[in-house]
1. Inside segment 81-132, can you point out the residues that are in a loop (DSSP other than H, G, I, E, B) and surrounded by 13 or more Cβ atoms within 10 Å (Cβ to Cβ)?
2. What pairs come out if I take residues in segment 179-194 that are over 22 Å from residue 205 (Cα atoms) and pair them with residues that are of a type in the set (Lys, Arg) and modelled with pLDDT of 95 or more whose C-beta lies under 8 Å away, six or more apart or interchain?
3. Could you grab me the full set of residues in segment 229-256 that are under 26 Å from residue 154 (Cα atoms) and either open to solvent by less than 70 Å² (accessible area, probe 1.4 Å) or among the hydroxyl-bearing types (Ser, Thr, Tyr) (or both)?
4. For a quick check of your reading of the model, give me the residue pairs whose first member lies in segment 120-142 and is of a type in the set (Phe, Trp, Tyr), whose second is surrounded by fewer than 17 Cβ atoms within 10 Å (Cβ to Cβ), with beta-carbon atoms closer than 6 Å and at least 6 apart or on different chains.
5. If you check residue 141 against the conditions, is it at positive phi and not hydrophobic (A, V, I, L, M, F, W, C)?
6. Which condition from (1) open to solvent by 50 Å² or more (accessible area, probe 1.4 Å); (2) free of Cβ contacts under 8 Å to residues at least 40 places away in the same chain is the one that residue 155 breaks?
7. Determine which single condition residue 169 fails, assuming it passes every other condition in (1) closer than 17 Å to residue 219 by Cβ; (2) not in a helix (DSSP H, G or I).
Amino acid sequence: NRSLILVLDNLDRVAASDALGILSTLQTFLHHLGDRNNDWVKRLWVIIPYDFDGLKRLWQNTQEAEGDDIADAFLDKTFQIRFKVPPLLLSNWKKYLMQRLEEAFPDHLSEEFYDVIKVYDLYRLSTGHFPSPRDIKVFVNQIGTAHRLWNDTFPLSHLAYYTLLRLGWIEGDINSIIRGLSRPSQQMEIVLGDGLQQNLAALEFNVDSSTAQEVLLLPLIEKALSSGDSENLAALVNDHLSFWEVFETINFGNSSAWQNSEYMLNAAYC
């Protein structure tokens with residue numbers, strides 16, 4: 001009375017030619033299952049989890065028809081029963097993310113998890129993305145990777161935002177944010193609070209916060225020089241021991257910005 005179950009998974013992780021070969025062989029084999037008189041046929045089940053978008057890409061290079069048409073025809077001909085896994089409901093994905101965070105960071109407070117969920121929710125709203133369980137696992141795992149390197153040096157919400165940037169899931173260039181040339185949305189800034197630039201610099205360049213401050217110092221010096229803000233420049237000199245070391249990296253000769261005579265006069269005034 002035992003049954004045999006064959007599960008064919010992860011077809012999207014092999015070469016398209018290999019996947020098509022596997023499916024072709026399987027289809028030839030399953031063709032004989034129409035004979036229900038054989039007792040063994042009744043005890044054999046084949047399960048293939050699939051993503052339709054991934055499946056149709058297997059046929060995108062064919063000349064016979066569009067990938068969608070071939071994929072639909074293949075599914076209709078091959079599978080007797082198809083189940084559709086619905087997307088997570090809004091309340092469900094938040095609960096699922098909270099559970100994964102609690103597993104990954106058992107020593108952290110739930111308030112920190114709420115901030116991470118807010119960061120993810122703002123990303124979701126800005127892109128229209130509806131998260132899958134795999135998306136959430138990837139997200140939490142990447143936060144966990146950074147946390148293993150730095151322990152509790154940075155807030156989990158900052159690690160979450162850095163993760164979204166590194167994965168390319170959210171618009172924004174890390175270096176531009178570090179240099180102050182761009183910034184997160186207003187809602188995101190409210191959630192993230194202070195210290196984001198410095199923490200992003202530390203994470204991106206894999207240095208401690210004090211060294212990261214040097215990364216942030218260069219655009220501040222250049223801004224003070226180009227605008228003739230001598231008071232701000234003096235404050236930078238007093239507040240940062242590494243001021244002159246960073247100052248020497250400014251390329252006054254070859255930078256196109258410093259060919260502007262007004263910039264040079266302001267710098268000389270400072």
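The values are calculated or read from the model by the stated rules, or taken from the named source; none is laboratory data. The shown structure was predicted, so the numbers you read here are calculated from the model rather than taken from an experiment. Counting neighbours? That spans all protein chains shown, and the Cβs are built from the backbone with ideal geometry, glycine included. Side chains are part of the model used for accessible areas, which takes the heavy atoms of the whole protein and leaves out ligands, DNA and RNA. Shrake-Rupley method; radii C 1.70, N 1.55, O 1.52, S 1.80 Å.
1. 88, 105, 108, 129, 131, 132
2. 191/118
3. 236, 240, 242, 243, 246
4. If the second residue must be surrounded by fewer than 17 Cβ atoms within 10 Å (Cβ to Cβ), the pairs left are 130/87.
5. Judged against the criteria, residue 141 is not a match.
6. Status for residue 155: all satisfied but (2).
7. Of everything listed in (1) closer than 17 Å to residue 219 by Cβ; (2) not in a helix (DSSP H, G or I), residue 169 misses just condition (1).
A quick yes/no check of all residues on (1) within 22 Å of residue 128 (Cα to Cα); (2) surrounded by 14 or more Cβ atoms within 10 Å (Cβ to Cβ):
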position	(1), (2)
147	no, yes
150	no, yes
168	yes, no
174	yes, yes
178	no, yes
197	no, yes
207	no, yes
215	no, yes
227	no, yes
